[in-house]
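The values are calculated or read from the model by the stated rules, or taken from the named source; none is laboratory data. Keep in mind it's a predicted model, so treat the numbers as computed, not measured. Every residue, glycine among them, receives a Cβ derived from its backbone with ideal geometry; neighbour counts consider all protein chains shown.
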């Protein structure tokens, strides 16, 4: 148990299913031990969040996740005064809670947050490791088990949505990519319970679909979507139907790109999916 029972609700109760791709676990542990904050970079659905859950479980640390967006304010992170029982009381925000009691504060998709919001983390990501609450006048020195983690998808970066160099250079970084076919096969099998040969077909198919990136496809199919396909197949949905609803119709709205994806799916699961899609397309055109 931790100093404050409230923080215990953020402990990861069950061991996440995570398969290492490289030496990311060693890097994370070294960074935690040396109080170095980390940025996780990688495409959508490649395992960044699952990795953080895995490390929080392994290190027995509370994990407080904040999904960043353009309306996120400093008060949303730090906290605010609330009116309760005819009194005005201070309530810690997620960042303050992690700093005060120890734990991982994970700011997911940090580039979506306003730049004036991200500035508040600067004093926590250098040797000071302090958080100043201007509304209360309190200065909090970070708990020894506090760790700041940011994540974003470099593929969606732009000049408008990017971290300042003054922020980036306060962090070490771990780059994630889609797993190799062998590792992705293990991931799909562990998540779905399908036979290994079927999982291998899904992983190999996913790799082929990712080759379409830059040719009408903005982002490759994620490991998450391949797992969805496997789970739908496990539930009894035909493979071509599962691929259609979880991949083709999800990652693009462009008819010609959908057809290209279906051509790849045909190589692994037959052409019935393409025939059915053509029937639908003819009726709607």
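Table for the structure above
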| read-out | value |
| --- | --- |
| Residue check for residue 255: surrounded by 18 or more Cβ atoms within 10 Å (Cβ to Cβ) and touching a helix residue (DSSP H, G or I) at 6+ places or on another chain (Cβ under 9 Å) | no |
| Strands (runs of 3 or more DSSP E) contained in region 26-135 and holding at least 3 residues touching a strand residue (DSSP E or B) at 6+ places or on another chain (Cβ under 9 Å) and farther than 14 Å from residue 149 by Cα | 79-84, 87-92, 130-133 |
| Those residues of region 181-208 which are outside any helix (DSSP H, G or I) and either touching a helix residue (DSSP H, G or I) at 6+ places or on another chain (Cβ under 7 Å) or within 17 Å of residue 219 (Cα to Cα) (or both), in sequence order | 193, 194 |
| Flag for residue 240 being buried (at least 21 other Cβ atoms within 10 Å of the Cβ), free of Cβ contacts under 8 Å to residues at least 40 places away in the same chain and either over 23 Å from the mean Cα position of the chain (by Cα) or in the same structural domain as residue 71 (by TED's automatic domain parsing) (or both) | yes |
| Condition check for residue 52: at pLDDT 95 or above, within 19 Å of the chain's Cα centre (by Cα), assigned by TED's automatic domain parsing to the domain that holds residue 118 and buried (at least 21 other Cβ atoms within 10 Å of the Cβ) | yes |
| Residue 158, sole failed condition from (1) part of a loop (DSSP other than H, G, I, E, B); (2) modelled with pLDDT of 90 or more | (2) |
| The listed residue being at pLDDT below 90 and crowded, with 21+ Cβ neighbours inside 10 Å, out of 206, 216, 230, 220 | 220 |
| Given (1) touching a helix residue (DSSP H, G or I) at 6+ places or on another chain (Cβ under 8 Å); (2) within 22 Å of residue 177 (Cβ to Cβ); (3) without any contact (Cβ under 8 Å) to a residue 24 or more places away in the chain, index of the condition residue 211 fails | (1) |
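Results for (1) in contact (Cβ under 8 Å) with a residue 60 or more places away in the chain; (2) farther than 29 Å from residue 23 by Cβ, shown as yes or no for each residue.
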{"position": "102", "(1), (2)": "yes, no"}
{"position": "107", "(1), (2)": "no, no"}
{"position": "116", "(1), (2)": "no, yes"}
{"position": "132", "(1), (2)": "no, yes"}
{"position": "148", "(1), (2)": "yes, no"}
{"position": "165", "(1), (2)": "no, no"}
{"position": "187", "(1), (2)": "yes, no"}
{"position": "198", "(1), (2)": "no, yes"}
